[in-house]
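Contents: one structure, followed by commentary.
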Amino acid sequence: MTHRAALDSLGLETGKRARLHRILHRHGLCNGTALFLPYDQGLEHGPRDFFANPTASDPRYVLDLAVEGAFNGVVLQVGLAEKYYGGYAGEIPLILKLNGKTDIPYDGEALSPVHAGVADAVRLGADAVGYTMSVGTPAQAEDFAAYRTIRADAQRLGMPLIVWASPRGSAIEAKGGKDTFFAVDYAARIASELGADVAGVDFPQPGTRTGLKPPYDQDFGAQHAIDAVVRSANRTLLLVSGGERAGDEAMLDKARRTMDAGATGLIWGRNIWQRSHTESLRFVERIQEILVKYPSPSHTPGQG
Amino acid sequence: MTHRAALDSLGLETGKRARLHRILHRHGLCNGTALFLPYDQGLEHGPRDFFANPTASDPRYVLDLAVEGAFNGVVLQVGLAEKYYGGYAGEIPLILKLNGKTDIPYDGEALSPVHAGVADAVRLGADAVGYTMSVGTPAQAEDFAAYRTIRADAQRLGMPLIVWASPRGSAIEAKGGKDTFFAVDYAARIASELGADVAGVDFPQPGTRTGLKPPYDQDFGAQHAIDAVVRSANRTLLLVSGGERAGDEAMLDKARRTMDAGATGLIWGRNIWQRSHTESLRFVERIQEILVKYPSPSHTPGQG
Amino acid sequence: MTHRAALDSLGLETGKRARLHRILHRHGLCNGTALFLPYDQGLEHGPRDFFANPTASDPRYVLDLAVEGAFNGVVLQVGLAEKYYGGYAGEIPLILKLNGKTDIPYDGEALSPVHAGVADAVRLGADAVGYTMSVGTPAQAEDFAAYRTIRADAQRLGMPLIVWASPRGSAIEAKGGKDTFFAVDYAARIASELGADVAGVDFPQPGTRTGLKPPYDQDFGAQHAIDAVVRSANRTLLLVSGGERAGDEAMLDKARRTMDAGATGLIWGRNIWQRSHTESLRFVERIQEILVKYPSPSHTPGQG
Amino acid sequence: MTHRAALDSLGLETGKRARLHRILHRHGLCNGTALFLPYDQGLEHGPRDFFANPTASDPRYVLDLAVEGAFNGVVLQVGLAEKYYGGYAGEIPLILKLNGKTDIPYDGEALSPVHAGVADAVRLGADAVGYTMSVGTPAQAEDFAAYRTIRADAQRLGMPLIVWASPRGSAIEAKGGKDTFFAVDYAARIASELGADVAGVDFPQPGTRTGLKPPYDQDFGAQHAIDAVVRSANRTLLLVSGGERAGDEAMLDKARRTMDAGATGLIWGRNIWQRSHTESLRFVERIQEILVKYPSPSHTPGQG
Amino acid sequence: MTHRAALDSLGLETGKRARLHRILHRHGLCNGTALFLPYDQGLEHGPRDFFANPTASDPRYVLDLAVEGAFNGVVLQVGLAEKYYGGYAGEIPLILKLNGKTDIPYDGEALSPVHAGVADAVRLGADAVGYTMSVGTPAQAEDFAAYRTIRADAQRLGMPLIVWASPRGSAIEAKGGKDTFFAVDYAARIASELGADVAGVDFPQPGTRTGLKPPYDQDFGAQHAIDAVVRSANRTLLLVSGGERAGDEAMLDKARRTMDAGATGLIWGRNIWQRSHTESLRFVERIQEILVKYPSPSHTPGQG
């Protein structure tokens, strides 16, 4: 098990550190780990994601769940944040998602347009902003240009920046797909190089090796891969996304490996709310039984 | 019949709430429902739309009709608003349409360029602005970028934002077309995720199932579909567009189902003014006989 | 013969009304009609247009002609305006053309880039600005974006905006070409919807029906077509362009039909200056014999 | 021999006139003619242009040559101007070239990106700025947009604007190439229409007639062509570029015809510095023997 | 051996000269030569570059190495600079790399998007900024536009600008590739023409002649080529990049030729840190044994 650094040893500026402290040490398990509830699937995939549990179509249901389940934060697009977060302000940290897209048009040149700015996050009392970076997309010039503005505004306003480092597009498909060890490892490093405070990545699937070039074409184990990904992120805190709903035990196994590797936590949506309310909370409890074992301090002992 | 929420429970900021109150509770039936008269077809389709009733080519005719028919608002592009609305200011709310396009060039990458800003709406005394979003268009990055500016200005100026969430473009055609349950349901959700105060959509045609993917490939009834669309819009008020002129009874049936689903109202143009003046007013009366049955309060009882 | 409205009944703001008053009631025949002399062909077509009358290559010749012929205004690009208009300032109104292109590259995605702004027009003492809109071009998003800036600046500075509503590009060619009744009628309406104060269009050729869709595929007469076009422009004053040089009687016939339809006047260049000085002035005299018969007042009787 | 107008009769604003006076009447032959030394070939073609005379690779050599040869100005890109012009400031006027490109990528959509602004020219003490316009390029919208900014800044700052009106791109190639009478004549007119104070063009080659359309497909003589080009430029002063190195007598013959036509001078680089120092100065002397015969006054007799 | 000019004779403005003085005369060998350690490969190539020496994945390791090895500066992207440079501020000069890209998408239209600005470099206490220019790329208009902003900001803020002049893209491949004498020579000249203070280029490979045009298709020696490249850069200081790891003796031979040619130094990354710590420092020592022989003064004798 890798040791995770204290929040005060990550080179963070004051405002970012204050807000991350609030998220990691004043909410959830208050132990420096994180469990986030993403709720932007209505834009990314459409209402089809709510057919499994139609009540999850109502943002109030999901916000209530985030509070009841003691999540560290909920992720919303600006529209839902403006119309719903007012009723939950202060109870659960808001991560305002700044960009996003539909899954309707052709995705080979994946790009998530920006819908809101860091100033909107400040106005709405959010504690972090989120940006989806389409790693490796042919549209990377446009993606990086949009990201640059957000990174600079987040720096200026002291707002923590969470980057979903998501390998996407035709070139990624040609090189093995979006969740290979190669793709996820590169994505984590990019988030770090380009100034993310927190990075969200998929759990790497080292089994997929078709199309991979050396040195990624070797036979790596899952733990080896996630360990490397956390190292590639270095001082950028790492979260692992949940993706489509999968079996509970497989998910919990990923959670354990993720935390063992030194990651900060998980950002799971459909695996949580695509089931009944009771089942959701029971599953959250099982996740938290894992997270509680991986505390990290806010302050390095002996420092101010 | 779904209960519609009071205007004060939708998370609206002050200016938006004041202007929507004026539209919904001081005009039309003054009961929280809405009947809007769109008049931007001269740009979208050209003068051919006026051949059925040539007097409708004259904006004064249509503005008079809006006043006489006790509509909740009339929708104009900036040119007609500047030259004609002065004579009707205060009598009928103006919704300034901010973007639009001709139907001459190829529409596979549909995009409606912006012609005016929210500040123009303020200058002209409008009570809302309108934006056509081409949901699913390959040009969605450009569309969302333009929309973002308008959403932010509308927020800053307290101006209600009506989004025509219009599935369009080659990818939509490949997935069943612009008025499937899938397309309309997704469109309503996007309007809500991205901060529309009011969304205008086509009535979903659940019968069209070619090209649809699960779970939308099942056999849904019309009422089931429109109910779901209103839920997807959640706190974004929903309007159903009229589209091309169709049979009166079919249109009135749609109106009933729309209001039963909990929508706020209708936005019908050609079905109104592509007939004689007398017939127009008589048809408006029949619509209002429906709307009067679906009142919703401005204030939640017992709140300020 | 259609009655043309007084200048004070067109919904114009003060500055625009003052400048249009100067153009229409203090120059030319001073009777509310207009005869403009366009001189941007050096950019649009190149010096080849001057081979018929080489002295017309000299801007001084054309400016002298505009003064001698008592035109209502002369249309120049910024370069000629800056270097030549100083010698004629006050004698003849200047319409500063703000965009334009060469005819060298492929024209299927026609777009006229902007060369000067409304502030340049103010600086140079112009009384109006001109913008060529490529109606129906595949580049309409870019065209409308450029136009929007100019419309807004013209509004802010009280500068009348003349829009050459010119159907152009591959989609227009596929739908019958640039001077069908369909294309010209749509163009006039777009100018009006988008806020032009004056629109310049080609004379519609109802005889061309190949590729036209209903209801434009019927057999309309020339007078019916131009009448409809003036109606489509509604409160936007209509001018008919001259285009390539044609026979004098055919041109004068168009002038009569144009004025009968209720248009404000003509904007003819090559038909004027592609002949000797004496002939030019003689032809202008014949045009003015027509225009004098179609006066319109500056003020509605009994209004301030 | 055509009479060239005095500098005070060209409609120039004060700052532009002052700086052009300095260039044309205080340097070189001080007689209103101009001989400019362009030195941006290192960017446009690369170091290969210096293989014929390797010492010309050193900007100091070329600046010394400009001073010794009594040129009216030297043309530099911003990098060389910043690092070298300081040592020659005041001795030889600087024309700061504001755009330029390499000749490496495909040139069918020729476009010269902008590298510096008019404010850089002011800062560096330049007396004029230069812009290469790719006349007829498919990228003309982008070219004109960049040019517009520079034209406006030059107007605002009183900085003379020299436009290299260079026909380029696939459409020009399809219409006979870059140095036909058609292309050069059109280019000169565009410079004038769009506000250049000085235009630089290639000497027209009327012999090339393949692909030309009427009226340019006739048999014109060289003098007829250059006379027409100077007329097309009207109040924009005309310079003829030298292009690749050619025979001395042919070059001097072009110089004579150019000046006979009423042009202001020459802008020759490779024909000067692609030979030994002594030969360069001897050739410059021969050019100046021509230029001295074509004086033009700074002031119109009897004017202030 | 070519004589290198003193820092005060390069036409540098005050702030740039002060910061370059700090880099070249207060760090490293303090003799006017430079050895830089680039560390942006995590973005440009991904973590695969760290498999040879996994500890090099940790930015602290590399920053320690830069200090221990007495480098003249370390090159970081903004993310690593923000999170790590604080612990090394003042000990080793920072060169903030302002643009960069992944190597995932197709590279035929190579372009490195900008991630940070010169103001970020000032904020972080950097002593220079770095920009990768994709020389000859089909995207050169976009590349030059981004570069222009950075050049202007660097001028305004007195920040030295290091340009990686990197021939890239399909046209370069068609003309012999990225490291021919032609490509590198042109690249060095472009950096100089466009205002770089320091240029980083690959060592030219004159042996590659396929696809080259005269005069570069001749048989040049390696020393001839690098001599010419340094001349093409003229007052822009020249650095040679190391590229992929190669044999030590071959690398040191390049270093000697580079310095013999009058270059300022080397910018080597993978050849340094893709080996063990001890080996790295030993290799650095061998490089410095070369650099120490090529001192250049900060001040020209007898000047202030």
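Some notes on this structure:
- Candidate lysines for bridging to E:Lys213, where Cα separation is under 22 Å - those fewer than 8 sequence places away on the same chain excluded: D:Lys101, E:Lys175, E:Lys178
- As a calculated quantity, the FRET efficiency between A:Ala174 and B:Thr210 at R0 = 22 Å, using C-beta atoms, amounts to about 0.10.
- Couplings 3J(HN,Hα) for segment C:276-282, derived from phi with the Karplus relation 6.51 cos²θ - 1.76 cosθ + 1.60 (θ = phi - 60°), are 5, 4, 4, 4, 4, 5, 5 Hz, where x marks Gly and Pro.
- Copies compared at D:Ala70 - label distances in nm, ascending, label defined 7 Å from Cα in the Cβ direction: 5.7, 5.7, 9.3, 9.3
- Within 10 Å of each Cβ in D:38-48, the average number of Cβ atoms from other chains: 5
- Pair-distance distribution P(r) for the protein assembly as shown, from all Cα-Cα distances in 10 Å bins starting at 0: 1, 8, 14, 17, 17, 17, 14, 8, 3, 0 percent.
- In plain terms, the residue of B:Glu193, B:Glu249 with the fewest other Cβ atoms within 10 Å comes first and the most crowded comes last, giving B:Glu249, B:Glu193.
- Per-residue average of Cβ from other chains inside 10 Å of D:138-145: 5
- Which of A:Asp253, B:Asp197 has the fewest Cβ neighbours within 10 Å, and the rest in rising order: A:Asp253, B:Asp197
- Extending 7 Å from Cα along the Cβ direction at A:Arg156 and again at C:Asp8 yields two label points whose distance is 5.0 nm.
- FRET efficiency for B:Ala246 and A:Thr55, using Cβ-Cβ distance with R0 set to 25 Å, rounded to 0.05: 0.10
- Using C-alpha pairs under 8 Å with a sequence gap of at least 6, the mean separation divided by the residue count of segment E:155-304 gives a relative contact order of 19 percent.
- Taking a ≥ b ≥ c as the square roots of the eigenvalues of the Cα gyration tensor, segment B:84-151 is prolate, since a/c reaches 1.5 or more and a/b is larger than b/c.
- Measuring from each Cβ of chain A to the axis that turns chain A onto chain C, the shortest distance belongs to A:Glu142, 9 (residue, then whole Å).
- For segment C:88-136 and segment D:111-157, distance of Cα centres in Å: 19
- DSSP bridge orientation in chain B - percent antiparallel, rounded to nearest 5: 5
- Position B:Ala6: other-copy label points at 5.2, 5.2, 8.4, 8.4 nm, ordered by increasing distance, label point 7 Å along Cα→C-beta.
- Exercise: per-residue mean of other protein chain Cβ atoms within 10 Å, E:49-59: 3
- The relative contact order of chain B comes to 22 percent, based on Cα pairs under 8 Å that sit 6 or more residues apart.
- Ascending list, in nanometres, of distances separating the D:Glu244 label from those of the other copies (7 Å, Cα toward Cβ): 3.8, 3.8, 6.1, 6.1
- Over segment A:116-236, relative contact order from alpha-carbon pairs under 8 Å, at least 6 apart, %: 23
- Here r is the Cβ-Cβ distance between B:Asp253 and D:Tyr106 and R0 is 51 Å; the resulting FRET efficiency, rounded to 0.05, is 0.30.
- Dividing the helix sum by the residues of the protein assembly as shown, where each DSSP H run of 4 or more adds -39500 (n - 2.57), gives a mean residue ellipticity at 222 nm of -11500 deg cm²/dmol.
- Amide H contacts under 5 Å for D:Ala34: D:Gly265, D:Leu266, restricted to partners 5 or more places along the chain or on a different chain, H placed in the peptide plane at 1.01 Å from N.
- Summarising the amide proton neighbourhood of E:Val135: residues at separation of 5 or more, or on other chains, whose placed amide H is nearer than 5 Å comprise E:Ser166, E:Arg168.
Coordinate-derived values only; no laboratory data. Keep in mind it's a predicted model, so treat the numbers as computed, not measured. For neighbour counting, all protein chains shown are included, and Cβ atoms are generated from backbone atoms with ideal geometry for every residue, glycine included.
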